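The values are calculated or read from the model by the stated rules, or taken from the named source; none is laboratory data. From a predicted model like this one, the values you see are computed outputs, not experimental measurements. Counting neighbours? That spans all protein chains shown, and the Cβs are built from the backbone with ideal geometry, glycine included. For the accessible areas, the whole protein counts, side chains as well, though only heavy atoms, and no ligand, DNA or RNA atoms are used. Shrake-Rupley method; radii C 1.70, N 1.55, O 1.52, S 1.80 Å.
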Amino acid sequence: MHLRQVSTRNFRTLQNFSANFSSAYCTLSGQNNAGKTGIVSIIRHFLDEEDRRYRFTENSISFQKDLTQWSDDDFMEVSITVHLDRHDDAEVFFVVDKFSPISLTGDFATVKLSETFNKDGSVTKVCSVNESDLDAQNSSEVFKKLKAAANLVVHNSTNPDRPFYYFSGEMTEVLVSHFSVEDRKKISDAERNLSNKVKKAAREHKEELSRLLGKLGENYSVELTTLETSRSSRFPVSVTLNDKSVEVNLSAWGSGTQNRTRVLMSVLEADRIRKSNSAENRSTPVVIVEEPESFLHPSAQAEFGKVLNRLATDFDIQIIATTHSPYMLNQTHPEANILLHRKTHRAKLKETYRIETEGDDWMVPFAENLGVATDEFIPWKKIISSTSNRAVLVEGELDVSYFEIIKNRFPQIYPLADDIEIVAYNGKDALKNTQLLKFMISRLDRVFITFDLDAMNTVSCKLESIGLEMEKDFCAIGVSGPGKECIEGLLPKSIHRSVYSEQIDAVTALGGADSSARRSAKSKLKKACIEKFKSEDVDESDLSELKKLLLKISRAFD
């Protein structure tokens with residue numbers, strides 16, 4: 001199942017609101033009280049089970065409690081639209097087909113559930129299948145099935161509602177519905193071997209959870225220890241993570257590690273439900289993760305956002321994350337990010353609306369809304385909008401031009417593959433924000449960074465602090481000498497002689513006391529050098545320094 005749309009009229013701050021969702025990893029962002037919780041509440045109202053043991057969440061909606069405070073209307077309406085697959089959502093698809101006024105002949109169906117709450121206390125439920133309305137009784141049956149089936153897995157990072165089991169003096173997590181239906185039936189049918197069956201299911205789960213943890217940067221493995229219990233519907237499992245040779249119970253790890261592990265458990269739970277062998281129990285749940293960035297360092301947030309994005313694609317499961325972090329956004333498909341904001345009328349907050357985020361600068365509104373300095377993102381906007389998975393990061397647009405000139409004029413010395421993009425980050429200062437840098441390079445499969453030689457002392461230590469290695473992941477460009485500690489320093493001597501003889505005043509100004517004059521002279525010489533390099537005939541033997549640089553970069557991508 002994939003959620004396609006949530007629409008409302010007069011519901012809390014969502015007075016007249018509609019949002020479409022993509023099919024993989026989606027995010028809901030916005031400041032506090034922007035409407036994220038309201039959207040999640042609507043989804044849970046239609047898809048979450050009302051009667052869950054060990055759960056005390058309230059998913060009901062009522063006119064008195066949820067009507068928009070400044071509205072005079074006498075009704076409130078909420079609706080969701082979901083997309084069903086005959087195979088992956090067989091349990092629900094069968095019921096929808098049974099009660100639909102038109103037989104479903106294809107493999108897909110679009111179901112819209114609408115509920116209208118009236119001031120007099122009456123409630124009207126309408127279900128449509130492929131835009132054909134069902135009568136009241138059949139609509140009610142579809143409503144019941146969508147709520148009763150395993151269509152939703154929810155994880156709240158700030159208040160995880162997994163139950164706990166007290167055993168031998170310590171609290172142990174209970175993995176609710178975490179084993180497959182088949183596993184639970186086998187365990188129930190073989191009570192004499194209950195302990196062995198649970199251990200077998202735990203071993204299988206351990207392998208899958210360990211594989212997911214392997215997608216994180218840290219080196220964790222997992223151990224699941226089952227505890228004796230007579231209850232066959234809930235399984236207390238002690239979760240232990242191993243970091244190298246140290247074995248520590250999950251509850252003793254830091255909050256960030258605990259949260260990431262539990263989020264992955266929720267994703268794994270959804271995947272196991274989806275892979276049910278029996279069609280009558282098969283469904284593909286939507287996974288909601290509230291604030292997955294909780295307790296995580298920004299660089300870890302960037303890594304975890306990328307992991308969730310890939311898992312949604314790999315498992316073909318829709319993951320919807322509510323977040324206050326720009327690092328958790330879907331970078332590969334910006335249209336999957338929904339940014340919410342509140343209108344203001346006479347200094348009072350009013351209804352929620354969606355801020356449009358499009359084009360190369362799509363992340364700027366998120367940065368502004370979530371309190372991140374916008375100018376920090378501007379140098380990286382080309383990385384954000386890049387469609388390539390491999391890139392060479394260079395200081396400025398002149399450097400990009402040099403790579404293009406070499407590729408076009410001297411292809412015999414240009415070894416870089418066509419899918420390696422050359423991207424400017426516009427100045428060495430962009431490399432000093434290591435948190436943002438790590439986030440940007442985490443978007444790509446492979447990155448090599450170059451910078452001018454005159455920035456070596458200030459930049460190299462910053463890059464090494466985030467685990468990058470000299471020559472393997474980055475290098476300085478240029479040679480020692482005035483005006484040569486940059487890519488121009490690698491040009492043939494004939495280019496320098498020609499330019500310097502024509503730009504005597506600029507060369508003289510390089511050694512002057514006026515810093516502004518020096519900067520102007522440097523810029524003038526740079527432009528003159530690249531223009532000369534574009535037009536002047538050069539022998540390949542005079543390109544040895546440029547060839548060395550390109551070979552070094554090429555080897556980094558092998």
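Some points to look at:
- Residues in the stretch 348-377 that are open to solvent by 80 Å² or more (accessible area, probe 1.4 Å), at pLDDT 85 or above and part of a loop (DSSP other than H, G, I, E, B): 356 only.
- Contacts under 7 angstrom Cβ, first residue in the stretch 496-523 being under 24 Å from residue 534 (Cβ atoms), partner open to solvent by 60 Å² or more (accessible area, probe 1.4 Å) and outside any helix (DSSP H, G or I), 6 or more apart: 510/482
- Number of the exception - residue 526 against (1) more than 30 Å from residue 461 (Cβ to Cβ); (2) in contact with an Asp or Glu (Cβ under 8 Å, 6 or more places away or on another chain); (3) open to solvent by less than 50 Å² (accessible area, probe 1.4 Å): (1)
- Selection of the stretch 383-398 for residues being surrounded by fewer than 21 Cβ atoms within 10 Å (Cβ to Cβ) and of a type outside the set (S, T, N, Q) yields 384, 390, 396, 397, 398.
- Matching residues in the stretch 112-151 - criterion: being polar (S, T, N, Q) and part of a strand (DSSP E or B): 114, 116, 118, 124, 128, 132
Matching residues to (1) more than 23 Å from residue 427 (Cβ to Cβ); (2) surrounded by fewer than 13 Cβ atoms within 10 Å (Cβ to Cβ):
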{"position": "463", "(1), (2)": "no, no"}
{"position": "515", "(1), (2)": "no, yes"}
{"position": "522", "(1), (2)": "no, no"}
{"position": "531", "(1), (2)": "no, yes"}
{"position": "543", "(1), (2)": "yes, no"}
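- Residue within the stretch 233-250 that is open to solvent by less than 20 Å² (accessible area, probe 1.4 Å), closer than 27 Å to residue 1 by Cα, of a type outside the set (Asp, Glu) and modelled with pLDDT under 85 present: yes
- Scan of the stretch 401-434 for residues that are within 29 Å of the chain's Cα centre (by Cα) and open to solvent by 70 Å² or more (accessible area, probe 1.4 Å), ordered by number: 418, 419, 426, 428, 429, 432
- Looking only at the stretch 468-482, and only at residues there that are open to solvent by 40 Å² or more (accessible area, probe 1.4 Å) and modelled with pLDDT under 90, the one that is farthest from the chain's Cα centre (by Cα): 482
- Any hit, the stretch 150-162, residues being modelled with pLDDT under 55 and under 13 Å from residue 269 (Cβ atoms): yes
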